[in-house]
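No lab work stands behind these numbers, since they all come straight from the coordinates. Please read all numbers here as calculations on a predicted model, not as lab measurements. Note that each Cβ is placed from the backbone with ideal geometry, even for glycine, and that neighbours are counted across all protein chains shown.
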Amino acid sequence: MRVYQLYAFYGQLLTVKQRQAVEWYFGQDLSLAEIADELGTSRQAVHDLLKRSEQAFLDYEEKLGLARSYETEQRHLADLEALLRQLQDKADPRWQQVFQLLAEVRK
């Protein structure tokens, strides 16, 4: 699951063949044999391709930290929303705008 999450951040940095293999294996749940048939290669070659892709994702995340930053940002936004809900004055219509803006930022 973590590999596919990292794919969302770093997938475009892989080769076309690596992207296909990752998408098919983690996204569409194809077997190594099915992917090997599609790519015209062996199961071992697909396994190696997936392992290299996974290592590339881990290297990118270690250097760039995009997934970690995104997860931290989402936690902070959730905490902010919870705090604002505690402080909200239901009589003031501007609170609805605050929560709409938070929802937009979280997308």
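Could you please find all residues in region 20-45 being in contact (Cβ under 8 Å) with a residue 12 or more places away in the chain and not polar (S, T, N, Q)?
Ala21, Val22, Glu23, Trp24, Tyr25, Phe26, Gly27, Leu32, Ile35, Glu38, Leu39
Residues of region 32-91 being assigned to a helix (DSSP H, G or I), over 17 Å from Ala103 (Cα atoms) and β-branched (Val, Ile, Thr), which ones?
Ile35, Val46
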